[in-house]
């Protein structure tokens, strides 16, 4: 099931991020104060290293194919309190102090809808969905 | 930047998971009691629907190419307290009651190492890394 390389990656103390075919790892950002998941995004090697070096969250946007400092347009930055790697080092968890809102829709978290199942029908309902900013004003769409 | 389909997916209340080219969404499981991230994994359409219907976490293993009920080998199941979708519906957050350990290495969470940066060198250190079970005994490698 595992070989010595996998074992070193899982049990060792060297930083060996396991990038996917697109050169990315998955990053989960949670609110250091509440534990809420704020967003799920991706980091390439450069985003990961800039995040570690600066203590601020950097990501890689798959849709824009570009490195991106969180909050560079909106001012809603993320200060990293702690960064952790998962067992196989293909996912990163950062606990952050979020300035304002993490979501591009203006909400604190991207996870502003919960999944309900009633009578076999699956649907969503809003929860914690108040907007902290107007995305049209901030991003000048 | 967005069209009406994206807008419906972001602002509507219909459940429209946005699967990637492999038919998967990313799922983050957090401990409902502590807010700690337990694991990051993937769900296909069937795993998502079984999770919603049963209230227990099901995933799709990319390495084994198989649907998988969390805890089916180890007994360490996850009861879903709440499920949320993110803005573009390509990521799911489940808050769970974890029986025992989430990680196949025997730890409570897959995120048992934190990233340190000292003098420009990036390395890992163990944190919350006690094993709750012996993986060799549980999985009979």
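FYI, it's all coordinate maths here, none of it is from the lab. In this text the structure is predicted, and so the values were computed from the model without any measurement. Don't worry about glycine lacking a Cβ; one is built from the backbone with ideal geometry, like all the others, and counts go over all protein chains shown.
Results, tabulated for the structure shown:
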quantity: Separation of the residue A:116 and residue B:53 label points, Cα + 7 Å toward Cβ, nm; calculated: 2.1 nm
quantity: Residue closest to axis [chain B; rotation mapping onto A; Cβ; Å]; calculated: B:35, 1
quantity: Square roots of 5 times each gyration tensor eigenvalue, C-alpha, the protein assembly as shown, largest first, Å; calculated: 28, 25, 16
quantity: Spherically averaged projected area of segment B:15-118 from its Cα convex hull (nm²); calculated: 7.8 nm²
quantity: Label distances, nm, residue A:64 versus same residue in remaining copies, Cβ-directed 7 Å point; calculated: 4.0
quantity: Residue with peak Gaussian network fluctuation, chain A [Cα springs, cutoff 10 Å], from A:50, A:118, A:70; calculated: A:118
quantity: Gaussian network model of chain A, Cα within-10 Å springs - most flexible of A:47, A:102, A:66; calculated: A:66
quantity: Nearest-first distances (nm) between copies at residue B:122, label 7 Å from Cα via Cβ; calculated: 3.5
quantity: Copies compared at residue A:34 - label distances in nm, ascending, label defined 7 Å from Cα in the Cβ direction; calculated: 2.1
quantity: Antiparallel DSSP beta bridges within chain B, as percent of all bridges there, nearest 5; calculated: 80 percent
quantity: Packing-based exposure ordering (other Cβ within 10 Å, fewest first) of A:51, A:26, B:34; calculated: B:34, A:26, A:51
quantity: Calculated FRET value between residue A:134 and residue B:65, using beta carbons and R₀ = 45 Å, to 0.05; calculated: 0.50
quantity: Burial ordering of A:68, B:58, fewest other beta-carbon atoms within 10 Å first; calculated: A:68, B:58
quantity: Spin-label pair residue B:22/residue B:82, simplified geometry with 7 Å Cα→Cβ offset, distance in nm; calculated: 2.9 nm
quantity: Ellipticity estimate at 222 nm from DSSP helix runs (n ≥ 4, -39,500 (n - 2.57)) divided over chain A, nearest 500; calculated: -4500 deg cm²/dmol
quantity: Whole-angstrom gap from segment A:1-78 to segment A:82-126, using each part's C-alpha centre; calculated: 15 Å
